[in-house]
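Here's the structure, in structure tokens; my notes come after.
The values are calculated or read from the model by the stated rules, or taken from the named source; none is laboratory data. No experiment lies behind these values; they were computed from the predicted model shown. Positions of Cβ are backbone-derived with ideal geometry, glycine not excepted, and every protein chain shown enters the neighbour counts. With ligands, DNA and RNA removed, areas are computed over all heavy atoms of the protein, side chains included. Shrake-Rupley method; radii C 1.70, N 1.55, O 1.52, S 1.80 Å.
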Amino acid sequence: MAGLELLFNCVASSITSSQDALICFVHWEVVKSGYKCLGIGDEPKDGEKKSELLPAGWSESKELYALRYRSNDDKSNLLLKAFTVDSTLIFNLMDSTTEKVTDLTVNVSEYVDEANLQTFESVFKNTDKLITKLKSSLLPSKKEEGQGKTEKKTKSERVSNLRDPHSDPLLIPTRGPPSRHPHNWPDPMNPFAAGGADLDPFGGRGAGGMIVDPLRAGFPRSGFDPSSGIPGVLPPGAVPPGARFDPFGPVGRHRPGPDPDHMPPPGYDDMFM
């Protein structure tokens, strides 16, 4: 209580109510917890310095007290507010490190003797009980501070992991070339292979089945390459390499065999067909 006595004597002229005396007591407990006061109000001001003393103007408002604190290691900030409601003070403390808010309601007359506001030896009463309530319900403990730093570090690591494409669980992996060997499909350009898939719709005999992929996209095949273009039909690059390509007409100018389109179909000009 030696430090509290020195503080009380320094601000005795500003203590004009029981609420002021209780604020002085709580302020000293915050200082003992490893913090120093920066100033009054919600917002920081230029030229503020950490101090164990109460700042100027701390007791001007008897309805609302607001004090800001910073830890001795400069890693945590506290905002302490106290609201006067009838004969009680409602304390509200926000810790910026853990983002935790605590509150405590104190009956002022239970801990302050209003008749002895200027006498330190008799102004406070039931101090042990008040200290216990402050430590258990309002002030941040060392364990909570450690947990807050750990949670903040874990959150930062989680954000860093999300920025790392190799650790993002939602990232669609880049597709590489097919690792499996291609089926033993017949060359679709072979005129004698026509109709083979009709006899083997699921491709169990290596005929390829009836899946619409006549050029077996994704597998190397000698002969026709649609990505190089079709003279007079498609320019080079019109079909991306490896893409599935379904021929829409005779491929090549020297296709062997008869031209299936050399004659029109029967009755093509019959409007009733």
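Matching residues to (1) surrounded by 14 or more Cβ atoms within 10 Å (Cβ to Cβ); (2) part of a loop (DSSP other than H, G, I, E, B); (3) not aliphatic (A, V, I, L, M):
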| site | (1), (2), (3) |
| --- | --- |
| L67 | yes, no, no |
| R70 | yes, no, yes |
| T84 | yes, no, yes |
| T105 | no, no, yes |
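Does C37 qualify as being outside any helix (DSSP H, G or I), surrounded by 15 or more Cβ atoms within 10 Å (Cβ to Cβ) and touching a Phe, Trp or Tyr at 6+ places or on another chain (Cβ under 7 Å)? When the stated conditions are applied, C37 passes them.
The residue pairs whose first member lies in segment 124-149 and is over 20 Å from S18 (Cβ atoms) and open to solvent by less than 50 Å² (accessible area, probe 1.4 Å), whose second member is at pLDDT 75 or above and in a helix (DSSP H, G or I), and whose beta carbons are closer than 8 Å, counting only pairs six or more residues apart or on different chains, are L139/E29; L139/V30; S141/K135.
If I ask for residues that are closer than 18 Å to V101 by Cα and either open to solvent by less than 70 Å² (accessible area, probe 1.4 Å) or among the acidic types (D, E) (or both), which ones from segment 55-65 would you list?
Once the filter is applied, which keeps residues that are closer than 18 Å to V101 by Cα and either open to solvent by less than 70 Å² (accessible area, probe 1.4 Å) or among the acidic types (D, E) (or both), segment 55-65 yields only Y65.
Here is a check on your reading of the model: is S96 surrounded by 13 or more Cβ atoms within 10 Å (Cβ to Cβ) and either among the aromatic types (F, W, Y) or in contact with a Pro (Cβ under 9 Å, 6 or more places away or on another chain) (or both)? No; evaluated as a whole, the condition is false for this residue. Per the conditions (1) without any contact (Cβ under 8 Å) to a residue 24 or more places away in the chain; (2) surrounded by 12 or more Cβ atoms within 10 Å (Cβ to Cβ), the sole criterion not satisfied by E52 is (1).
Residues that are in a loop (DSSP other than H, G, I, E, B) and touching a residue at least 60 places away in the same chain (Cβ under 8 Å) within segment 114-123 comprise L117, Q118, listed in sequence order. Within segment 91-122, the set of residues being touching a strand residue (DSSP E or B) at 6+ places or on another chain (Cβ under 9 Å) and of a type in the set (A, V, I, L, M, F, W, C) comprises F91, L93, M94, V101, L104, V106, V108, V112.
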